[in-house]
Amino acid sequence: MASPPLLALRGVCKRFGVVEVLTDIELEIRAGQVVALLGDNGAGKSTLVKVISGVTPAEKGIIEWEGRPVQIRRPHDARNLGIATVYQDLALCGNLDVVGNLFLGREIRRFGFLDEVEMERRTSQLLERLTRGVPDLRAPVVSLSSGQRQTVAIARSLLGDPRVLLLDEPTAALGFEQTSEVLDLVDQLRDHGMGVLLISHNMGDVKALADRAAVLRLGRNNGFFDVNTASQEQIIASITGATENVPRRMAHREAGW
Amino acid sequence: MVKGTHSEADGTRAAPSAPTADDRRPGRRAALAQVIETGVAVLRRKLSAGELGSLPVVLVLAAVWITFQSLNDSFLSPRNLSNLSVDIVGTGLIAVGIVFVLLIGELDLSVGSVSGLAAAVFAVLNVNNGVPEWLALILAVLTGTVAGTVQGYSVAKTRVPAFVVTLAGLLTFNGLMLYILGTSGTVNLDEDGLVAQLTSYYFTNDAAAYALAAVGTGLVFLVSQQDRRRRMAVGMPHRTFRGIVVRTAVLAAVAFTAAYLLNRFQGLPLALLVFLVMVAGLDIVLRRTHYGRQVYALGGSIEAARRASLNVTGVQTAVLAVSGTMAAIGGLFLASRITSVSQGAGSGLLLLNAIAAAVIGGTSLFGGRGTTWSAVLGMLVIQSIASGMVITDTPTAVQFMITGGVLFAAVVIDALARRTQEAHGRA
């Protein structure tokens, strides 16, 4: 029997008012594995990411970390466990510079004041590892290109040496070259034993990168696939609902996006 | 200004040295050319990135001073400048609080009323009820803190925009002030009392003004030098030594000229000392502490701040508490200037001038950009116009129109800077 998964969700439910957005979600992320989370618009993917990262906590269900149940009520809890998130909208402060964004909420202090020198040093170290074109560390993030911003967001998530990384559509806004840079990076992180949950609409990315795929449809699990053996048609059929293993319900919009 | 120090470092680093062919004394000329070239490069980079900082307001201030000086040469006299430096303090302190609120992308409309309320609390406690001055002073300032905290907490919890909550505050606290003053109407303060001294006391010893200038420039030099050493030690980009010397020299020239002029009249005013120390102190709080970083983050993106697990409620409450406190302190300085508190305290143009000062000084209305020094620069512009109008016998009507024009220009520059920055990002 293998060791318990790094992160496991058992029967997680989330509702916004009367609308049940997620129902009985099961999900497992193991170390050194990339799990693709797939689904049509409004299937609940981004909501699930927010549940795991503590932005909108779940009402029901169990979240297990290395086999023991844990509570994630706030972003802080997730971060302390070792879960890092790169949101679809990146959640950066455009007016702060790269260093300020990376260390937002966990600034390094020296005699009670911000230690800009040390923070800048670590930032440049980290970014040099991640990317070839290191942006100006003291430029406000709003003046960076979208690819650079994506790199900053990923760098920020890696700062606390997380064990699980949630990536919500990391390549949606990127060009070809930047996309492959991000995918290479995810590959590297997997090799270092990190568990990655990757949300993507791009089946090419999923096929290239993911080990397993979990499909959501209308807020429920609609199948798990081994990406290496399952055919693309099988997976797409599951996403669109051609192969349905939940009873059909009224379609509803996912709140928040 | 926020990014000023470091981006200038980049500029200095990137500057190529280009000695010209016909140079007779290559050493000096090249050095001078390099300094100028560096300056131009930094300026061009900042212009294209929409990071103008305090440059526009300094230019406006220079234009205002030159205009009035050419109309009436008593404008730049030591007497007028010294009075100017005291006149900016009351409203300027309120504007510093406004800067905090603008930085988180909100607006505080209650500062005028709170300043009047604090002055009334002091006057009634001290003059009418015989409470010792120091105690009445502390209670008056705390009144502002409490008023700000209550409003800030309401804003954070109800998520109603601050300008609505503080609009209610404007009416409430003005009513409270009238209630406290009662039927007596105007309360006259003790002419030799502590509060009256706030704006009437001058350090007549010439050494005081020079010492302040020396300590200020000395500290700036030491801090930049220390920063340079640490950066060099870990092999990071740093400013050149010459760059630091030039910056310090410019600062020293301004500071010592001001000190000289102040000494030619009555010496360093206590009010100016208090003002500069508070502005510098709060500037350090904003730019060098964890709390300040959270203030800027909230102004950048409140959702990003929340997801970075910042204490949004706490910061919003604290920011309005700061603005209430600064309003109260400003109110006491304003009362000190006229040594009385009347039913009109804190009303009229006070609120608008405080907000205008912060914006003219370069603090963005959109949140997240600006420093406390913008309150000083903005107040200098507004008060210079007011004072120049009095000296040249121009009607108040014209003064309002000119100040309005400057404010409009400031807002347009702010909006353009913001758009340039975003366009820069897309490119």
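To keep it simple, each residue is scored yes or no on (1) in contact (Cβ under 8 Å) with a residue 40 or more places away in the chain; (2) among the aliphatic types (A, V, I, L, M).
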position	(1), (2)
B:Pro237	yes, no
B:Gly243	yes, no
B:Val246	yes, yes
B:Ala249	no, yes
B:Ala252	no, yes
B:Ala258	yes, yes
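Residues in segment A:1-50 that are at pLDDT below 90, basic (Lys, Arg) and over 13 Å from A:Leu197 (Cα atoms): A:Arg15 alone.
Among the criteria (1) under 13 Å from B:Ala356 (Cα atoms); (2) within 14 Å of chain A (Cβ to nearest Cβ), the one B:Leu407 does not fulfil is (2). Within segment A:83-98, the only residue that satisfies the criterion of being over 21 Å from A:Ala36 (Cβ atoms) and more than 8 Å from chain B (Cβ to nearest Cβ) is A:Val98. The set of residues in segment B:283-332 that are under 19 Å from the mean Cα position of the chain (by Cα), under 30 Å from B:Glu422 (Cβ atoms) and more than 14 Å from chain A (Cβ to nearest Cβ) comprises B:Ala318, B:Val319, B:Leu320, B:Val322, B:Ser323. Restricting attention to segment A:159-180 and to residues that are buried (at least 19 other Cβ atoms within 10 Å of the Cβ) and part of a helix (DSSP H, G or I), the residue that is nearest to the other protein chains (Cβ to nearest Cβ) turns out to be A:Gln178.
Within the bounds of segment A:66-76, is there any residue that is within 14 Å of chain B (Cβ to nearest Cβ) and under 15 Å from the mean Cα position of the chain (by Cα)? Yes.
One residue stands out among those in segment A:82-102 that are under 19 Å from the mean Cα position of the chain (by Cα) and without any contact (Cβ under 8 Å) to a residue 60 or more places away in the chain: the one that is surrounded by the most Cβ atoms within 10 Å (Cβ to Cβ), which is A:Asn101. Inspection of segment B:286-304 finds a residue satisfying the criterion of being over 27 Å from B:Ile94 (Cα atoms) and either buried (at least 16 other Cβ atoms within 10 Å of the Cβ) or not basic (Lys, Arg) (or both). Given the condition of a type outside the set (A, V, I, L, M, F, W, C), within 29 Å of B:Phe122 (Cα to Cα), touching a helix residue (DSSP H, G or I) at 6+ places or on another chain (Cβ under 6 Å) and away from chain A (no Cβ under 14 Å), answer yes or no: does some residue in segment B:252-265 qualify? So far as segment B:252-265 goes, no, none of its residues is of a type outside the set (A, V, I, L, M, F, W, C), within 29 Å of B:Phe122 (Cα to Cα), touching a helix residue (DSSP H, G or I) at 6+ places or on another chain (Cβ under 6 Å) and away from chain A (no Cβ under 14 Å).
Please specify each residue of segment A:121-143 satisfying the condition of being under 12 Å from A:Glu181 (Cα atoms) and either at the interface with chain B (Cβ under 8 Å from one of its Cβ atoms) or of a type in the set (Val, Ile, Thr) (or both). Matches in segment A:121-143: A:Thr131 only.
Against the list (1) in contact with a helix residue (DSSP H, G or I) (Cβ under 6 Å, 6 or more places away or on another chain); (2) within 23 Å of B:Gln421 (Cα to Cα); (3) facing chain B (nearest Cβ under 10 Å), the condition A:Leu102 fails is (3).
Among the listed residues A:Val134, A:Val141, identify the single one that is surrounded by 22 or more Cβ atoms within 10 Å (Cβ to Cβ) and β-branched (Val, Ile, Thr). Steps first, answer last, please.
Values: A:Val134 fails: surrounded by 22 or more Cβ atoms within 10 Å (Cβ to Cβ).
Residue meeting the stated conditions: A:Val141.
Evaluated against (1) out of contact with any Phe, Trp or Tyr (no Cβ under 7 Å at 6 or more places or on another chain); (2) among the small types (Gly, Ala, Ser); (3) over 20 Å from A:Arg156 (Cα atoms); (4) touching a residue at least 60 places away in the same chain (Cβ under 8 Å), B:Ala271 falls short on exactly one condition, (1). The residues in segment A:5-37 that are at positive phi and part of a loop (DSSP other than H, G, I, E, B) can be counted, and the count is 2. Counting the residues of segment A:63-81 that are part of a strand (DSSP E or B) and crowded, with 22+ Cβ neighbours inside 10 Å gives 1. Confirm whether B:Phe100 is closer than 23 Å to B:Gly367 by Cβ, crowded, with 24+ Cβ neighbours inside 10 Å and aromatic (Phe, Trp, Tyr). Against the criterion (closer than 23 Å to B:Gly367 by Cβ, crowded, with 24+ Cβ neighbours inside 10 Å and aromatic (Phe, Trp, Tyr)), B:Phe100 qualifies. Just one residue in the set B:Arg13, B:Arg45 is among the basic types (Lys, Arg), part of a helix (DSSP H, G or I) and either at pLDDT below 65 or under 23 Å from the mean Cα position of the chain (by Cα) (or both); that residue is B:Arg13. Considering only segment A:38-60, state which residues are on the phi > 0 side of the Ramachandran plot and either touching a Gly at 6+ places or on another chain (Cβ under 8 Å) or among the basic types (Lys, Arg) (or both). Result: A:Gly44, single match.
Within segment B:338-427, which helices (runs of 4 or more DSSP H) (wholly inside it) include 2 or more residues that are hydroxyl-bearing (Ser, Thr, Tyr)? Explain how you work it out, then say what you get.
Values: elements: B:350-360, B:373-391, B:396-426.
Result: B:373-391, B:396-426.
Working only within segment A:144-158, note down all residues that are buried (at least 18 other Cβ atoms within 10 Å of the Cβ), in a helix (DSSP H, G or I) and either more than 13 Å from chain B (Cβ to nearest Cβ) or not charged (D, E, K, R) (or both). If the condition is that a residue be buried (at least 18 other Cβ atoms within 10 Å of the Cβ), in a helix (DSSP H, G or I) and either more than 13 Å from chain B (Cβ to nearest Cβ) or not charged (D, E, K, R) (or both), then A:Gly147, A:Gln148, A:Gln150, A:Thr151, A:Val152, A:Ala153, A:Ile154, A:Ala155, A:Ser157, A:Leu158 are the ones that fit.
Somewhere in segment B:215-224, is a residue among the hydrophobic types (A, V, I, L, M, F, W, C), touching a helix residue (DSSP H, G or I) at 6+ places or on another chain (Cβ under 9 Å), farther than 25 Å from B:Ile329 by Cα and buried (at least 17 other Cβ atoms within 10 Å of the Cβ)? Yes, some residue in segment B:215-224 is among the hydrophobic types (A, V, I, L, M, F, W, C), touching a helix residue (DSSP H, G or I) at 6+ places or on another chain (Cβ under 9 Å), farther than 25 Å from B:Ile329 by Cα and buried (at least 17 other Cβ atoms within 10 Å of the Cβ).
Assigned to a helix (DSSP H, G or I), modelled with pLDDT of 90 or more and under 30 Å from B:Leu352 (Cα atoms): which single residue out of B:Gly182, B:Gly216, B:Gly169 fits that description?
B:Gly169
Report whether or not B:Leu61 is at pLDDT 65 or above, more than 14 Å from every other protein chain (Cβ to nearest Cβ), within 26 Å of B:Gly368 (Cα to Cα) and surrounded by 14 or more Cβ atoms within 10 Å (Cβ to Cβ). Spelling it out, B:Leu61 is indeed at pLDDT 65 or above, more than 14 Å from every other protein chain (Cβ to nearest Cβ), within 26 Å of B:Gly368 (Cα to Cα) and surrounded by 14 or more Cβ atoms within 10 Å (Cβ to Cβ).
A:Thr85 meets each of the listed conditions (1) modelled with pLDDT of 90 or more; (2) assigned to a loop (DSSP other than H, G, I, E, B); (3) not charged (D, E, K, R) apart from (2). Please work out if A:Arg110 is more than 13 Å from the chain's Cα centre (by Cα), of a type outside the set (Asp, Glu) and under 20 Å from A:Arg163 (Cα atoms). When the stated conditions are applied, A:Arg110 does not pass them. Within segment A:107-131, being surrounded by 15 or more Cβ atoms within 10 Å (Cβ to Cβ), of a type in the set (D, E, K, R) and closer than 20 Å to B:Leu310 by Cα holds for A:Glu107, A:Asp115, A:Glu116.
Filtering segment A:150-173 for residues that are more than 30 Å from A:Val18 (Cβ to Cβ), free of Cβ contacts under 8 Å to residues at least 12 places away in the same chain and more than 14 Å from the chain's Cα centre (by Cα) leaves an empty set.
The values are calculated or read from the model by the stated rules, or taken from the named source; none is laboratory data. None of the values given here were measured: they were computed from a predicted structure. Cβ sites come from the backbone with ideal geometry, for glycine too, and all protein chains shown count toward neighbours.
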